[in-house]
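> Below are the structure tokens for one structure; questions will follow.
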Amino acid sequence: MILTLGLPLIGSHLAQFAIGVTDTVMMGWYGVEELAAVVLGSSLFFVIYIFGSGFALAVMPMVAEAGEAGDETEVRRATRMGMWLSIAYSLLVLPLFWNSGALLSSLGQGEQLASDARDYMRIAGFGVLPALLVMALKSFLSGLERTQIILWVSIAGAVLNGLLNWVLIFGNFGAPEMGVKGAALASVIANGATLAMFAAYASMAPALKIYRLFQRFWKPDGEAMKRVFLLGWPISVTLLAEVGLFAGAAVLVGWIGTMEVAAHGIALQVSSATFLVHLGLSNAATVRAGRALGRGEVEDLKRGARVVLGMSMLFASATVVVFFTVPEVITGLFLAPDNPDRGVIIPLASALLIISGFFQLVDGAQAVGLGLLRGVKDTRAPMLIAAFSYWGVGMPASYVIGFTLGYGVHGVWYGLVLGLASAAVLLLARFWLWTVPALGAEAPASA
């Protein structure tokens, strides 16, 4: 059951992530300075985007629990207000993208790098709205265990993005050669098209018509909005703490040099792709936990948690083997064979990829822990754990090992390992030693 639910979600995450990978690969073939700008710009874009995604992600456990209980009205209310909050957030942060140049310069980035990254973000900012609405609809469909459509639509969006990148970055088919701006525009168009496909399915699929998702969509629902907001904002802060850790690491690496930024971006793209398998399993854990909560079956929750965690650890072990044996083969795909900087960037990126093997196990464990806790609507304690682990442990360690101890970009990545390990231990301890016993104590009274 978990594989049936989780595999399409894993595939959809990989397809969605392919948009960023395509940007990185094609910009690497276009130019190293342009690649560094897209790495920096997309990192900061992702921080702003992910901070607003908590409302969309809150829809998933709410829909899972309501769907299991047969409460069609609650499914609709939660999804709509998740979309409402996503729209409001997108409009509020748009000025940040337009004025991103000053922010990038204040972070100590070079003038040309900051200028190119600003050009990317000014266009990419218009993609936040469709991207967040896509996430809300994916949460709606995931909560109802309709994951096959998520996979196919995500693949279609990724293919479209790749084609648009080839046309707009390099100026093929008579289009103007737009470079960095072309990568941003391609992503915006692809996200818009993906939103249109999901919205059409959610409104026209026969089995989903009972939810009347877009009927009187304009009508506010203060009570449901409050519930989504209270569940969602800790998720946003949790995600911000984690993603901000990696964005902060990109800034630290930017202080070292352009070559190091390019190597960091390549290694991060690869390790992030493998993380999406854990993220898909985490989403499956959220849905199964939410449905178990709706049924009041604590033993089913515990069994599902063990299975998901075991799958995550098995995949992480396989990933470690690959990263340790063929790092140069993987990282070499990101630069043209005749690129003059290849001899510097590829060894750096390969070394970072080997380091990332150390945190595959703990990265997967913390993702599953977050998914399980989110499924039982436990979001505030994980928020505090994440803030402590990523910013009380991870970021200080990255700075100290990278700069104070002089290990450079390698030291920055060792700090990431420590932050993720702290999160994994504390989140799983929270679930097994606190949340599960508490739910078990409540079960007899609710039966």
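The values are calculated or read from the model by the stated rules, or taken from the named source; none is laboratory data. Keep in mind that what you see is a predicted model, and the values were worked out from it rather than measured. Here Cβ is always computed from backbone atoms with ideal geometry, including for glycine, and neighbour counts include all displayed protein chains. The protein model used for the area step is the full one, side chains on, heavy atoms only, and it has no ligands, DNA or RNA in it. Shrake-Rupley method; radii C 1.70, N 1.55, O 1.52, S 1.80 Å.
> Would you mind getting the accessible area per residue of region 164-302, heavy atoms of the protein chains only, 1.4 Å probe, in Å²? Before the final figure, lay out each step's value.
Working: 5280 Å² over 139 residues.
Value returned for region 164-302: 38 Å² of accessible area per residue.
> Further question: Classify region 338-447 as rounded, prolate or oblate, taking a ≥ b ≥ c as the square roots of the eigenvalues of its Cα gyration tensor: rounded when a/c is under 1.5, otherwise prolate if a/b is larger than b/c and oblate if not.
prolate
> Using only helices, what value at 222 nm comes out for the chain when you add -39,500 (n - 2.57) per DSSP H run of length 4 or more and divide by the total residues, to the nearest 500 deg cm²/dmol?
On the way: 19 runs with 363 residues, N = 447.
It lands at -28000 deg cm²/dmol.
> Using only the alpha carbons of region 310-354, determine the length spanned along each of the three principal axes and report them from longest to shortest in whole angstroms.
Extents along the principal axes: 43, 15, 13 Å.
> Whenever you get a sec, line up 217, 229, 315, 198 from highest to lowest accessible area (probe 1.4 Å, protein heavy atoms).
Result of the area sort, largest leading: 229, 315, 217, 198.
> If you rank 390, 407, 201, 414 by how much accessible surface each has, with a 1.4 Å probe, what is the order from largest down?
Output order, biggest surface exposure first: 407, 414, 201, 390.
> Can you tell me the relative contact order of region 78-126? Whole percent, Cα pairs under 8 Å, sequence separation 6 or more.
41 percent
> Could you put 302, 226 in order of accessible surface area, largest first, with the 1.4 Å probe and the full protein assembly present? Spell out each step's value before the answer.
Working: 302 45, 226 130 Å².
Ranked from most to least accessible, the order is 226, 302.
> At a threshold of 8 angstrom on Cα-Cα distance, excluding pairs fewer than six apart, so keeping six or more, what relative contact order does region 241-367 reach in percent?
37 percent
> For the cross-link pairs 138/377; 181/219; 138/209; 219/377; 219/302, which exceed 28 Å when the distance is taken from alpha carbon to alpha carbon?
181/219; 219/302
> Here is a further query. If I compute solvent accessible area with a 1.4 Å probe over the protein chains, what percent of it on the chain is carbon and sulfur?
69 percent
> State which stretch of the chain is the longest one without any exposed GluC sites (Glu not before Pro), exposure meaning a DSSP loop state and at most 16 other Cβ atoms within 10 Å.
Here the longest run is 1-176.
> Give me the accessible area of residue 300, 1.4 Å probe, in Å² rounded to the nearest 10.
Using a 1.4 Å probe on the heavy atoms, I get roughly 40 Å².
> Rounded to the nearest 0.05, what FRET efficiency do residue 221 and residue 410 have when you use their Cβ-Cβ distance and R0 = 35 Å?
0.10
> Separate question: At what distance in nm do the modelled label points of residue 103 and residue 177 sit from each other, each positioned 7 Å from its Cα along Cα→Cβ?
3.1 nm
> Here's something else I'd like to know. Just check region 221-324 against the gyration tensor rule for me: Cα atoms, a ≥ b ≥ c as the square roots of the eigenvalues, rounded for a/c under 1.5, and otherwise prolate or oblate depending on whether a/b exceeds b/c.
Here region 221-324 falls in the oblate category.
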